[in-house]
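As structure tokens, the structure follows; a few thoughts come after it.
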Ligand code: SF4
């Protein structure tokens with residue numbers, strides 16, 4: 001009995017020695033991940049491996065193996081059932097390169113933040129290595145990289161349309177979206193002796209075949225969307241119509257002489273299922289073999305995930321495509337049990353850094369009309385307006401936060417997850433509690449732009465709604481006697497954004513006494529609507545032509561406008577104003593003081609050189 005407890009609370013094995021300590025001579029499933037092994041529910045590999053362990057399977061985790069060395073994959077031997085392969089919590093290309101396609105020199109998911117521990121296109125590289133190490137072993141790919149590249153897609157780094165990652169990796173099955181249900185079914189069915197090629201109808205999976213399932217929606221082929229942006233937009237629109245997990249049909253996309261088959265998305269998990277997952281015996285620590293700190297762990301070690309999914313539907317965001325539009329919330333009891341566990345750790349000092357999910361104030365919310373939900377085609381429940389069927393009841397979130405605050409070991413509870421401020425008018429008490437108890441001085445919010453032309457492309461609320469929120473935030477904070485401020489997150493170079501729009505945003509920031517700390521430069525990540533528009537130059541739904549900032553120069557100038565308060569941005573801003581004949585704005589942005597243009601010029605040139613496009617394959 002004691003042995004079993006030890007097994008359940010220890011880390012999962014990462015090498016043959018740790019397997020032997022458990023008395024195992026063989027694994028059932030070998031997990032391979034591009035991230036370090038952190039035994040915490042915020043990390044997908046640990047969560048899924050613990051879930052299989054709880055069903056009696058023997059699982060091991062190979063974290064950041066050397067993809068060039070087949071022996072690195074054999075350290076725990078050939079698993080009995082299959083290898084489950086993921087790039088990690090991020091797409092490996094997003095992890096490796098900036099929006100300007102420069103190599104990043106750090107990796108938050110690696111001990112010491114060191115870059116270079118995972119390959120480019122990690123899913124493809126790891127799958128090839130597994131196939132080299134274990135001939136004939138079934139391979140199942142998943143995680144965000146596989147999920148968002150499941151269909152043929154535009155790849156910003158190669159600047160071309162790539163085939164489905166399933167085809168390129170030659171994996172047997174692909175799991176997309178949240179993987180718990182599909183992974184459990186695959187594992188049980190393979191364990192029962194079912195052949196791999198009979199696993200054909202599992203929700204949330206994709207595979208390649210020469211057959212054409214009856215009733216499947218046929219998308220333009222990989223070859224067609226590579227050759228034509230109109231075909232690309234048609235494929236995107238057809239795919240978007242099949243994202244409702246309750247009513248979606250099977251998709252078929254030809255790639256050469258084979259068909260990629262994508263089953264409907266997985267059904268959302270129920271509260272009881274989520275609670276069960278978060279009750280699994282995570283140690284909540286990185287594997288003890290690591291001697292250096294892992295930045296991503298430091299960021300979330302004292303945070304609590306209260307829910308998953310987001311019904312915001314922002315055009316640039318991948319969450320809806322990965323976690324789904326349905327918000328799935330844990331019960332209060334489950335969250336409080338996790339807080340008990342967190343507060344019993346020696347290194348916990350009473351501050352919870354976050355209670356949230358993709359959007360903090362969506363806890364407990366959802367569609368109140370099950371019939372409408374089953375056939376709903378709206379990409380967002382709150383844009384362009386709040387759907388009449390949406391339950392915006394604030395009590396669940398208020399009650400949860402109140403109980404967390406009352407916990408005997410908790411001194412402070414902050415909300416670091418994003419807030420949808422267009423929902424706050426329906427949540428007045430939540431807003432009041434947020435300001436009074438849960439802001440650590442600075443509240444980060446993401447209007448992303450304050451130009452209504454751009455927010456319309458982004459599917460975000462416009463400037464008027466943000467201004468109303470800002471005024472209320474400042475007024476309530478003052479009434480409470482609290483010195484706290486809003487830090488706006490804004491994107492430069494999003495499709496639809498022109499220099500004129502960015503001037504409008506800069507003036508808005510100036511007039512409302514706001515400063516941007518960090519500019520997020522738009523990166524066309526796989527699978528999003530914004531990426532589709534970036535590639536095709538048109539909105540796939542309306543067919544409307546949309547301006548795309550593509551040149552290094554325009555990208556540099558747009559970014560500079562958001563940072564008008566920094567002296568080094570002045571030369572670029574003056575150049576931007578000259579191009580659009582808005583020189584008079586300089587006075588407003590900089591006051592009466594004009595920058596020394598000669599002095600600024602060399603900086604501008606060197607930036608331009610550094611931002612030169614790299615050729616990445
Ligand atoms: S019917 Fe309304 S609330 Fe329900 S899922 Fe659709 S948009 Fe959301």
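The values are calculated or read from the model by the stated rules, or taken from the named source; none is laboratory data. Predicted model only: the values in this text are computed from it and were never measured. Note that we place each Cβ from the backbone using ideal geometry, even for glycine, and neighbour counts take in every protein chain shown.
What number of residues in segment 75-87 are surrounded by fewer than 20 Cβ atoms within 10 Å (Cβ to Cβ) and more than 19 Å from residue 122 (Cβ to Cβ)? Full working, then the answer.
Initial filter on segment 75-87 (surrounded by fewer than 20 Cβ atoms within 10 Å (Cβ to Cβ)): 75, 77-78, 80.
Restricting the remaining residues to those that are more than 19 Å from residue 122 (Cβ to Cβ) gives 77-78, 80.
Looking only at that region, the number is 3.
In this entry, residue 352 passes the filter for residues that are crowded, with 16+ Cβ neighbours inside 10 Å, in contact (Cβ under 8 Å) with a residue 24 or more places away in the chain, more than 24 Å from residue 265 (Cα to Cα) and in contact with a strand residue (DSSP E or B) (Cβ under 7 Å, 6 or more places away or on another chain). Among the residues of segment 432-459, just one is on the phi > 0 side of the Ramachandran plot and in contact with a helix residue (DSSP H, G or I) (Cβ under 7 Å, 6 or more places away or on another chain), namely 448. Here residue 447 does not fit the description of being crowded, with 18+ Cβ neighbours inside 10 Å, under 30 Å from residue 495 (Cβ atoms) and within 16 Å of the ligand (Cβ to nearest atom).
Please enumerate the residues belonging to segment 431-484 that are within 30 Å of residue 533 (Cβ to Cβ) and assigned to a loop (DSSP other than H, G, I, E, B). Answer for segment 431-484, where residues must be within 30 Å of residue 533 (Cβ to Cβ) and assigned to a loop (DSSP other than H, G, I, E, B): 449, 450, 451, 459, 460, 461, 462.
The rows are residues; the columns are (1) surrounded by fewer than 21 Cβ atoms within 10 Å (Cβ to Cβ); (2) within 20 Å of the chain's Cα centre (by Cα); (3) closer than 21 Å to residue 322 by Cβ; (4) at pLDDT below 95.
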position	(1), (2), (3), (4)
52	no, no, yes, no
89	yes, yes, yes, no
92	no, yes, yes, no
100	yes, yes, no, yes
109	no, yes, yes, no
113	yes, yes, no, no
119	yes, yes, no, no
126	no, no, yes, no
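Restricting attention to segment 216-232, report how many residues are touching a strand residue (DSSP E or B) at 6+ places or on another chain (Cβ under 6 Å) and closer than 10 Å to residue 540 by Cβ. Reasoning before the result, please.
Of segment 216-232, the ones touching a strand residue (DSSP E or B) at 6+ places or on another chain (Cβ under 6 Å) are 216-219, 221-222, 225-226.
When the remaining residues are screened for being closer than 10 Å to residue 540 by Cβ, the result is none.
Final tally of qualifying residues: 0.
When segment 257-308 is examined, which residues are found to be part of a loop (DSSP other than H, G, I, E, B), free of Cβ contacts under 8 Å to residues at least 60 places away in the same chain and touching a helix residue (DSSP H, G or I) at 6+ places or on another chain (Cβ under 8 Å)?
Of segment 257-308, the ones part of a loop (DSSP other than H, G, I, E, B) are 257, 263-270, 279-284, 287-294, 301-302, 306.
Right, trim to free of Cβ contacts under 8 Å to residues at least 60 places away in the same chain and you get 257, 270, 279, 302.
The answer is 279, 302.
For the structure I just gave you, tell me whether residue 158 is touching a strand residue (DSSP E or B) at 6+ places or on another chain (Cβ under 7 Å) and surrounded by fewer than 20 Cβ atoms within 10 Å (Cβ to Cβ). Spelling it out, it is not the case that residue 158 is touching a strand residue (DSSP E or B) at 6+ places or on another chain (Cβ under 7 Å) and surrounded by fewer than 20 Cβ atoms within 10 Å (Cβ to Cβ).
Please indicate, with yes or no, whether at least one residue in segment 371-383 is more than 16 Å from the ligand (Cβ to nearest atom) and part of a loop (DSSP other than H, G, I, E, B). Before you say what the answer is, go through the steps one by one.
Filtering segment 371-383 down to residues more than 16 Å from the ligand (Cβ to nearest atom) leaves none.
Among the residues of segment 371-383, not one is more than 16 Å from the ligand (Cβ to nearest atom) and part of a loop (DSSP other than H, G, I, E, B), which makes the answer no.
Of the listed requirements (1) out of contact with any helix residue (DSSP H, G or I) (no Cβ under 8 Å at 6 or more places or on another chain); (2) in a strand (DSSP E or B), residue 207 misses just one: (1). Among the residues of segment 350-370, write down those that are away from the ligand (no atom under 14 Å from the Cβ) and more than 24 Å from the chain's Cα centre (by Cα). 350, 351, listed by residue number. Of the residues 146, 128, 108, which is closer than 27 Å to residue 282 by Cα and outside any loop (DSSP other than H, G, I, E, B)? Result: 146 is the single residue among 146, 128, 108 that is closer than 27 Å to residue 282 by Cα and outside any loop (DSSP other than H, G, I, E, B). In this structure, does residue 326 turn out to be within 25 Å of the chain's Cα centre (by Cα), within 14 Å of the ligand (Cβ to nearest atom) and part of a loop (DSSP other than H, G, I, E, B)? Answer is yes for this residue.
Output the residue which, of all residues in segment 314-323 that are at pLDDT below 95 and assigned to a loop (DSSP other than H, G, I, E, B), is nearest to the chain's Cα centre (by Cα). Ranking the candidates gives 318 first.
Can you name every residue in segment 172-204 that is within 25 Å of the chain's Cα centre (by Cα) and assigned to a loop (DSSP other than H, G, I, E, B)?
The initial filter retains those residues of segment 172-204 that are within 25 Å of the chain's Cα centre (by Cα), namely 172-186, 202-204.
Scanning segment 172-204 gives 172, 176, 177, 178, 179, 202, 203, 204.
Taking the residues in segment 375-394 that are touching a strand residue (DSSP E or B) at 6+ places or on another chain (Cβ under 9 Å) and touching a residue at least 60 places away in the same chain (Cβ under 8 Å) as candidates, determine which candidate is surrounded by the fewest Cβ atoms within 10 Å (Cβ to Cβ). Only one residue fits best here, namely 390. Of the residues making up segment 395-427, just one is outside any helix (DSSP H, G or I), within 16 Å of the ligand (Cβ to nearest atom) and free of Cβ contacts under 8 Å to residues at least 60 places away in the same chain, namely 422.
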